[in-house]
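Have a look at the structure below before the remarks.
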Amino acid sequence: LSRELLAQPITTITGTTSGQERTYPVPAGDGISIDRVEQVILVRSQNRAFAFNLSCPHQNAAVRWVENDHRFQCTKHDSKYQPDGVYTSGRATRNMDRFPIRRDGASLVVNLDRLIQSDVDAAGWAAAVVAL
């Protein structure tokens with residue numbers, strides 16, 4: 001994913017809720033945004049957007065963005081993930097869990113009612129991306 005992603009600060013966001021969906025503005029540029037209330041990480045990179053669960057799939061510890069290494073990392077057991085959520089090393093055995101995401105005009109809509117695990121629903125996980 002783009003190196004420009006690294007130059008962007010992590011921003012804290014708050015979306016609006018309607019039922020089990022949370023709506024966020026489409027980020028203006030590449031970067032990482034975190035909704036701590038709903039435990040959602042939004043990533044925009046190379047004209048794509050992803051929504052991840054803030055928890056590592058291994059034992060639900062929080063993941064954090066490690067800017068110098070260009071990756072996410074689990075705060076408990078150091079599992080490592082690429083910016084698109086792909087697992088690279090550590091105790092975890094799968095990619096970061098994604099929420100279904102869709103675009104609605106100038107907004108991204110994330111379905112908080114469903115987490116997609118790459119090892120259970122590979123096609124759904126791969127489809128949980130929005131082209132921008």
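The values are calculated or read from the model by the stated rules, or taken from the named source; none is laboratory data. If you're wondering where the values come from, they're calculated on a predicted model, not measured in any experiment. Backbone-built Cβ (ideal geometry, glycine too); neighbour counts: all protein chains shown. Note: areas computed on protein heavy atoms with side chains; ligands, DNA, RNA excluded. Shrake-Rupley method; radii C 1.70, N 1.55, O 1.52, S 1.80 Å.
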- How do Val26, Val37 stack up against each other in accessible area, from largest to smallest, with a 1.4 angstrom probe? Val37, Val26
- Message: Under 8 Å for C-alpha pairs, at least 6 residues apart: give me the relative contact order for the chain, rounded to a whole percent.
- Response: 21 percent
- Task: Using amide H atoms built 1.01 Å from N in the peptide plane, name the residues 5+ places from Ala61, or on other chains, whose amide H lies under 5 Å from its own.
- Result: Cys56
- Query: Convex hull over the alpha-carbon atoms of the stretch 68-132: what's its volume per residue in Å³?
  - Reply: 113 Å³
- Sequence ranges 71-79, 12-20, ranked by mean other-Cβ count within 10 angstrom, highest first: 71-79, 12-20
- Item | Other-chain or far-sequence residues with amide H under 5 Å of Ser79's (modelled H) | Cys74, Arg91, Ala92
- Got a number for carbon plus sulfur as a percent of the stretch 35-123's accessible area, 1.4 Å probe? 38 percent
- Pick from Ala51, Ala28, Ala61: which residue has the top mean-square fluctuation in a GNM of the chain where Cα pairs under 10 Å get a spring? Ala28
- Note on the structure: Checked the stretch 42-91 with the C-alpha gyration tensor, a ≥ b ≥ c its square-rooted eigenvalues, rounded below a/c of 1.5, otherwise prolate if a/b is larger than b/c and oblate if not; verdict prolate
- If each Cα of the chain is one equal point scatterer, what is log10 of I(q)/I(0) from the Debye formula at q = 0.12, 0.18 Å⁻¹? -0.40, -0.95
- Message: Amide H of Val129 versus every other amide H placed in the peptide plane: which residues, excluding those fewer than 5 positions away on the same chain, fall under 5 Å?
- Response: Ile101
- Query: Placing +1 at every Lys and Arg Cβ and -1 at every Asp and Glu Cβ, with all other atoms neutral, what dipole size does the stretch 1-100 have around its Cα centre, in debye to the nearest 20?
  - Reply: 220 debye
